[in-house]
Amino acid sequence: MEKKTKRRDFLFTATYAVGAVGVGAVVWPMIDQMNPDASVKALASTEVDVSAVDPGKTITVLWRGKPVFIRRRTQEEIVEAKSVKLEELKHPEKDEDRAKNPEWLVMLGVCTHLGCVPLDQKGDYNGWFCPCHGSHYDISGRIRKGPAPTNMEIPEYKFVDANTIKIG
Amino acid sequence: MSEHEYTPKSKVGKWFNDRLPLLTLANHLTDYPTPKNLNYWWTFGGILTFCLITQIVTGLVLAMHYIAHADMAFESVEHIMRDVNYGWLIRYIHANGASMFFLAVYIHIFRSLFYGSYKSPREVIWIIGIIIYLLMMAAAFLGYVLPWGQMSFWGATVITNLFSAIPLVGEGIVTWLWGGYSVDNPTLTRFFTLHYLIPFLILGLVVLHIWALHVPGNNNPIGIDIKKPSKDTVPFHPYIVIKDGFALLMFMIVFAFFVFYTPNILGHADNYIEANPLVTPAHIVPEWYLLPFYAILRSVPDKLLGVIAMLSAILILAALPWLDTSKIRSAVFRPLYKQFYWILVADVLILGYVGAMPAEGLYLLIARIATAYYFLHFLVVLPILGFKERTTPVPLSITEPILGGSPNFAAVKKKDDFKDQ
């Protein structure tokens, strides 16, 4: 026997629909409360004085709880970084796109595999080496060997003046 | 549940029991018919219950002194160790208790694998057990983060970053888990909350695990169905209670050895250095009980596939009742399975060993072979074995072969040999 749609069926459907909206409205705040709060978001930028950094040296600063590497590269390093062919790279990116001012490489010192801090001037490509699971990065912070999927991230930054970098 | 009707003797008891049948439940638990041939590998259920209660009690006490804040957590743990009366003892019991819990659960799981306890009609007991095991790993990981040492911090960073392997939403999920842009104070406070919650979830699941066990009754070393109650069974109390109690005492000796003589041998020295987001320790390894899965994660060169392989290695266990096609439960009557069983045990131990070693060169090669074999065992060996293997004849009951007229005396003899190991 064919079932006829009755007034009661409509009431059921309408009740479920309103109920679902109600449950969603309660569940969402419970989930969203775990996202970064206003005080965490407020710490979004850091200014760094880099006047004391000599060529061939790296400093590490904390930005949003994460280390940022600021490396003043030597001329040889810049030449090396620019000479790498894009076909050799797992995640092809030109050095020019990563370091707007080729002397200064500013990047998140966070391995893109599982988030460890790579070690400076180590590994097979004279760049960084992650001790956790063995990812090798070159002098431009590009992934060359190991499990990391992408190059180390470049944060948003700008030179406020000749000696000050504002990250974020 | 109970095979016979129970009526309390006293009038008050009857009055109460008619309103809430707690006495019926107690009677069921004491009279519960248990196979009389259970060996000592069957005592780990009771031992695990002890471990859970120990962790809950010591954890409650630690929470009275611990402060879940990124600036104070490390200090408060040192405060527990130095200032709180018997704080050192309570914390060492809790920290080593986690290791003892996993030691017992691995024996419990491998006992099931040997005697086919996961097979029909006990699939639901098995799956609840796997869920408990997953929650145990979550609780252990979350608890390891709380002292806020270097291993805590970087362990938390690496494990939460596993979620970033998920395409598209991965990064968003990681930020959500952290409550920030890195592991920090919001992460610590929520980890503390969840670490406190999970043991009670486990407790609830343990009740279901035992309830589901009491429907078909215990499996036993020869893996045959038995009538209960019958000549093949003994009441749980006093027979099993005494046996479990004795095994528990032996277990507590091992436990006490670790707590009093080598309380830090299962931990990492790096965790006595306060968390520093700028420096990753040179060699990150998880606690020993997670090493086999860590080895599987690292043996796959791709990030997403590595995470998938690691999760599958655990979840594949839930499918085991259907992957093992053999109708015979106990390995005692499965000459080939018995050999593959011990190869699997060796394989997991090898994975554990290479998981603790640096992921390069020969170690990486061994890890890859062992990972491949692990999946091969469950996905290829077990399904085929059920059809190809020639099993030896199974006795008709537990009692019959011993009292004479055995259809297969040799097989029962073999069981006794195993018992001695």
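Among the residues of the stretch B:146-162, at least one is open to solvent by 10 Å² or more (accessible area, probe 1.4 Å), away from every other protein chain (no Cβ under 14 Å) and out of contact with any Lys or Arg (no Cβ under 8 Å at 6 or more places or on another chain). Here the helices (runs of 4 or more DSSP H) wholly within the stretch B:138-241 that include at least 1 residues being among the charged types (D, E, K, R), free of Cβ contacts under 8 Å to residues at least 24 places away in the same chain and more than 30 Å from B:Ala63 (Cα to Cα) are B:170-178. Between residues in the stretch A:96-123 that are more than 14 Å from chain B (Cβ to nearest Cβ) and on the phi > 0 side of the Ramachandran plot and residues that are polar (S, T, N, Q) and open to solvent by 10 Å² or more (accessible area, probe 1.4 Å), which pairs lie under 9 Å by C-beta distance while being six or more apart or on different chains? Short answer, once both residue conditions are applied: A:Gln121/A:Thr58. Looking at B:Ile53, B:Ile80, B:Ile47, just one residue is modelled with pLDDT of 95 or more, within 30 Å of B:Pro292 (Cα to Cα) and either open to solvent by less than 40 Å² (accessible area, probe 1.4 Å) or hydroxyl-bearing (Ser, Thr, Tyr) (or both), and that residue is B:Ile47.
Would you check if there is a residue in the stretch B:104-113 being over 24 Å from B:Leu248 (Cα atoms) and either out of contact with any Pro (no Cβ under 9 Å at 6 or more places or on another chain) or surrounded by 19 or more Cβ atoms within 10 Å (Cβ to Cβ) (or both)? Full working, then the answer.
As a first pass, look at the stretch B:104-113 and keep what is over 24 Å from B:Leu248 (Cα atoms): none.
Looking for residues that are over 24 Å from B:Leu248 (Cα atoms) and either out of contact with any Pro (no Cβ under 9 Å at 6 or more places or on another chain) or surrounded by 19 or more Cβ atoms within 10 Å (Cβ to Cβ) (or both), one finds none in the stretch B:104-113, hence no.
Inclusion of A:Arg72 among residues that are open to solvent by less than 40 Å² (accessible area, probe 1.4 Å), under 30 Å from B:Asn276 (Cα atoms) and free of Cβ contacts under 8 Å to residues at least 60 places away in the same chain is not warranted. Applying the condition of being at pLDDT below 95 and in a loop (DSSP other than H, G, I, E, B) to the stretch B:298-324 and asking which residue is nearest to B:Glu389 (Cα to Cα) yields B:Val300. B:Ala359: hydrophobic (A, V, I, L, M, F, W, C), open to solvent by less than 80 Å² (accessible area, probe 1.4 Å) and modelled with pLDDT of 95 or more, yes or no? So B:Ala359 fails the test. For the stretch B:255-284, the set of residues classified as more than 14 Å from every other protein chain (Cβ to nearest Cβ) and β-branched (Val, Ile, Thr) consists of B:Val259, B:Thr262, B:Ile265, B:Ile273, listed by residue number.
Against the numbered list (1) open to solvent by 60 Å² or more (accessible area, probe 1.4 Å); (2) closer than 30 Å to A:Cys111 by Cβ; (3) away from chain A (no Cβ under 14 Å), B:Ser312 comes up short only at (1).
Given the options B:Ile265, B:Ile210, B:Ile284, name the one that is open to solvent by 50 Å² or more (accessible area, probe 1.4 Å), closer than 27 Å to B:Pro147 by Cα and of a type in the set (Val, Ile, Thr). Let's see the steps before the verdict.
Numbers: B:Ile210 fails: closer than 27 Å to B:Pro147 by Cα; B:Ile284 fails: open to solvent by 50 Å² or more (accessible area, probe 1.4 Å).
When all the criteria are applied, what remains is B:Ile265.
A:Pro92 fulfils the conditions (1) within 18 Å of A:Lys145 (Cα to Cα); (2) in contact (Cβ under 8 Å) with a residue 24 or more places away in the chain; (3) outside any helix (DSSP H, G or I); (4) open to solvent by less than 90 Å² (accessible area, probe 1.4 Å) except for a single criterion, (2).
Against the test of being within 14 Å of chain A (Cβ to nearest Cβ) and in contact (Cβ under 8 Å) with a residue 12 or more places away in the chain, the options B:Pro358, B:Pro383 yield a single qualifying residue, B:Pro358. Confirm whether A:Ile59 is more than 16 Å from A:Ile154 (Cβ to Cβ), among the β-branched types (Val, Ile, Thr), more than 10 Å from chain B (Cβ to nearest Cβ) and part of a strand (DSSP E or B). Answer is yes for this residue. When residues in the stretch B:359-392 are screened for being under 24 Å from A:Pro147 (Cα atoms) and of a type in the set (D, E, K, R), 2 of them pass. Beta carbons closer than 6 Å, at least 6 apart along the sequence or on distinct chains, pair a first residue in the stretch B:323-346 that is open to solvent by 30 Å² or more (accessible area, probe 1.4 Å) with a second that is small (Gly, Ala, Ser) for B:Thr325/B:Gly386; B:Lys338/B:Ala331. Being among the aromatic types (Phe, Trp, Tyr) and within 14 Å of chain B (Cβ to nearest Cβ) is a property that holds for A:Trp128.
Given the structure, is B:Ile366 over 28 Å from B:Pro393 (Cα atoms) and either open to solvent by 40 Å² or more (accessible area, probe 1.4 Å) or not in a helix (DSSP H, G or I) (or both)?
yes
Residues that are farther than 20 Å from A:Gly134 by Cα, of a type in the set (S, T, N, Q) and not in a helix (DSSP H, G or I) within the stretch B:264-297 comprise B:Asn264, B:Asn276, listed in sequence order.
From the list B:Tyr40, B:Tyr66, the lone residue that is at pLDDT 95 or above, open to solvent by less than 50 Å² (accessible area, probe 1.4 Å) and within 27 Å of the chain's Cα centre (by Cα) is B:Tyr66.
Criterion first (surrounded by fewer than 23 Cβ atoms within 10 Å (Cβ to Cβ) and more than 20 Å from A:Val84 (Cβ to Cβ)) does A:Lys145 satisfy it? Taking the combined requirement at face value, the residue does not satisfy it. Would you be able to say whether some residue in the stretch A:29-47 is surrounded by 10 or more Cβ atoms within 10 Å (Cβ to Cβ) and more than 14 Å from chain B (Cβ to nearest Cβ)? Checking the stretch A:29-47: at least one residue is surrounded by 10 or more Cβ atoms within 10 Å (Cβ to Cβ) and more than 14 Å from chain B (Cβ to nearest Cβ).
The values are calculated or read from the model by the stated rules, or taken from the named source; none is laboratory data. Keep in mind that what you see is a predicted model, and the values were worked out from it rather than measured. Here Cβ is always computed from backbone atoms with ideal geometry, including for glycine, and neighbour counts include all displayed protein chains. In case anyone asks, the SASA skips ligands and DNA or RNA and just uses the protein heavy atoms, side chains included. Shrake-Rupley method; radii C 1.70, N 1.55, O 1.52, S 1.80 Å.
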